[in-house]
1. Inside segment 47-93, can you point out the residues that are in contact with a helix residue (DSSP H, G or I) (Cβ under 6 Å, 6 or more places away or on another chain), among the aliphatic types (A, V, I, L, M) and part of a strand (DSSP E or B)?
2. Restricting to segment 38-48, name every residue that is modelled with pLDDT of 95 or more and closer than 28 Å to residue 97 by Cβ.
3. Considering segment 1-38 alone, what residues qualify as being surrounded by 11 or more Cβ atoms within 10 Å (Cβ to Cβ) and among the β-branched types (Val, Ile, Thr)?
4. Go over the candidates 29, 17, 33 one by one and state the one that is assigned to a strand (DSSP E or B), more than 17 Å from residue 85 (Cα to Cα), over 15 Å from the mean Cα position of the chain (by Cα) and of a type in the set (Val, Ile, Thr).
5. Of the conditions (1) modelled with pLDDT under 95; (2) of a type outside the set (Phe, Trp, Tyr); (3) buried (at least 16 other Cβ atoms within 10 Å of the Cβ); (4) within 20 Å of residue 116 (Cα to Cα), residue 57 fails just one. Which one is it?
6. Assess whether residue 105 counts as being hydrophobic (A, V, I, L, M, F, W, C), at pLDDT 95 or above and in a helix (DSSP H, G or I).
Amino acid sequence: MPVIRVQTADFNIADEIALMRDNPAIGAIASFIGLVRDINDGLGVKTLTLEHYPAMTEKAVAAIVAEAEARWRIIHCTVIHRVGELEPCDQVVLVIVASAHRADAFEACQFIMDYLKTRAPFWKKERTPQSARWVEARESDAVASLRWRAETANLSGDRID
């Protein structure tokens with residue numbers, strides 16, 4: 001059963017990984033931590049505020065994890081995403097995937113993160129020295145997400161238009 005949490009509190013990656021280490025079937029653990037940067041699109045960032053709709057967000061994240069579990073042999077998965085006001089260097093998101101082999105862990109971790117950026121309903125507002133602004137989705141995130149759609153289509157013989 002995956003662990004999915006959306007919270008204001010910080011997380012400790014060592015504690016989260018330790019919860020997975022008692023399963024002798026696990027041969028690989030891959031993780032990703034996203035942090036708040038102090039600059040975005042050439043502007044300084046003082047704070048980043050993340051907003052969400054709780055029931056919708058957890059459901060969307062669970063669907064992303066379920067899709068990863070259908071594609072790769074995952075033994076355990078943890079996704080923690082913070083909300084609220086964060087400052088540069090604060091941790092925002094943690095994805096940990098455990099599997100028997102590293103390829104499954106690495107690919108599933110990257111897939112989950114790519115889909116979190118494009119499919120999970122989080123809204124980001126940056127406060128800069130000049131003003132506050134809502135952060136638009138990046139084209140690079142959409143391209144990364146499209147990679148996984150292309151791989152699915154190639155496996156099934158479908159076309160992507």
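The values are calculated or read from the model by the stated rules, or taken from the named source; none is laboratory data. What you see is a predicted model, and the numbers here were worked out from it, not measured in a lab. Positions of Cβ are backbone-derived with ideal geometry, glycine not excepted, and every protein chain shown enters the neighbour counts.
1. Passing the criteria: only 79.
2. 48
3. 3, 4, 6, 13, 17, 26, 29, 33, 36
4. On the way: 17 fails: assigned to a strand (DSSP E or B); 33 fails: over 15 Å from the mean Cα position of the chain (by Cα).
After applying the criteria, what remains is 29.
5. Residue 57 satisfies all of (1) modelled with pLDDT under 95; (2) of a type outside the set (Phe, Trp, Tyr); (3) buried (at least 16 other Cβ atoms within 10 Å of the Cβ); (4) within 20 Å of residue 116 (Cα to Cα) except (1).
6. Values: hydrophobic (A, V, I, L, M, F, W, C): yes; at pLDDT 95 or above: yes; in a helix (DSSP H, G or I): yes.
Criteria met by residue 105.
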